[in-house]
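So the structure is just underneath, and the comments pick up after that.
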Amino acid sequence: MRRLLAFFVALWGLSSCTSDITFTFHKNTSSSFLVEVNMERLIYFLGDSIMKSYAEKDLDKKWKSIYEISKERRKPLTGKDTINLGKRTFIKGLYKDDSNIPYGFALKGDRLSQKEWATLGKTGQAEESITQYGSSFSSIFQWDGKTLFFFPEELLRIGTEKTSNNSSNEKDIDEEEEHSESELSKKIKSLYVIKTNLFCKFDRKIKSIQGNHPYLRQIDDHTLQFSFDALEEHPKKEFDSKIIIITK
């Protein structure tokens, strides 16, 4: 199960995709999440063979709990807390109406506590990618049931390493090669787009927002949106390092 999740997280973090991520912050200090990852752009460039191998067997068209999948793979989860978390965390494939091959995947979890978020990171401790993404929640958000502390710089760290690697490789190309391969380089770079639309929803209405960020906007009384491309260079001096959202 960990290998399966690690595979999808690796694709999510290192390929071309668009992610819609919704966190719902509840009055009892818990939070729910829904992640939908669209990989159509990646499939367009590389073909659908990668997703074919996971169709039907691992990416059902209907929601299936991590606990249920672990039992089907004969590697059942152990430990009361881990089993409970597995029963409330789900995965499914995203399919077009006329296709049996997924163009992406979705994950969701229902009313996780801060402790359970930490557990979610540890369930993949044998896989570095799962630990990296699964345990990042507490570094990005701190929620007490009324006030959310949001740290944008932690979220924007995603893709930084990839961006620096691309920059290092570009320095090795001399001017003549850079000119002759400019069109090819543009096509290759166009593959690496990690567009993220983050939505923060609250049970209570938003009372006030302290701090600002050019990527942040309020959609309605209960919802904020934070959209960015993880591989782009982000502004460093134009935003606050901490955003405080207080609900009524």
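Just so you know, all these numbers are worked out from the coordinates, no wet-lab data involved. Keep in mind the model is a prediction, meaning the values are calculated, not measured. As a convention, Cβ positions derive from the backbone with ideal geometry for all residues, glycine included, and neighbour counts pool all protein chains shown.
Before moving on, here are some points about what is shown:
- Shown in residue order for region 215-220 are the 3J(HN,Hα) couplings computed by the Karplus curve 6.51 cos²θ - 1.76 cosθ + 1.60 at θ = phi - 60°: 8, 9, 8, 8, 8, 8 Hz (x for Gly and Pro).
- Residue-count net charge about ARG111 - beta-carbon cut-off 14 Å; Lys, Arg +1, Asp, Glu -1: +3
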